[in-house]
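Here the structure is laid out as structure tokens; the discussion comes afterwards.
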């Protein structure tokens with residue numbers, strides 16, 4: 001597993017390795033920004049998760065997920081703060097993302 005010094009270094013390396021799509025959390029799904037495709041938790045897998053802890057507040061700490069859609073083989077990056085886990089995620093999506101934070 002790679003050890004990145006900062007978020008930018010992680011994103012650049014993952015992009016070089018083919019994770020070229022951008023994902024954001026959208027209700028009970030993740031959304032591929034480039035093609036507006038909603039992907040349910042059952043339709044993607046987390047390949048790697050990288051934690052960046054920069055402070056005591058949840059919003060100062062981030063996770064970068066390297067994600068692959070099993071439906072159409074999209075590969076991309078989801079960047080989210082720890083605070084996102086406390087705000088409105090469905091239990092299904094939360095359990096999928098939290099499983100890789102151990």
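Laboratory data are not the source of any read-out in this text; all were calculated from the coordinates shown. The structure presented is a predicted model; accordingly, all values stated were derived computationally and were not measured. When we count neighbours, we look across all protein chains shown, and the Cβ atoms used for this are built from the backbone with ideal geometry, even at glycine.
Quick check: residue separation of residue 20 and residue 99 times 0.36 nm, minus the Cα distance between them. What number comes out in nm?
Details: separation 79, 0.36 × 79 = 28.44 nm, distance 2.31 nm.
Taking 0.36 nm per residue and subtracting the Cα distance, the gain is 26.1 nm.
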Query raised in the report: Once label points are set 7 Å from the Cα along Cα→Cβ at both residue 51 and residue 4, what is their separation, rounded to one decimal in nm?
Result: 1.6
Query raised in the report: Fully extended, how many nm does the chain gain between residue 61 and residue 33 (0.36 nm per residue separation, minus their Cα-Cα distance)?
Result: 7.8 nm
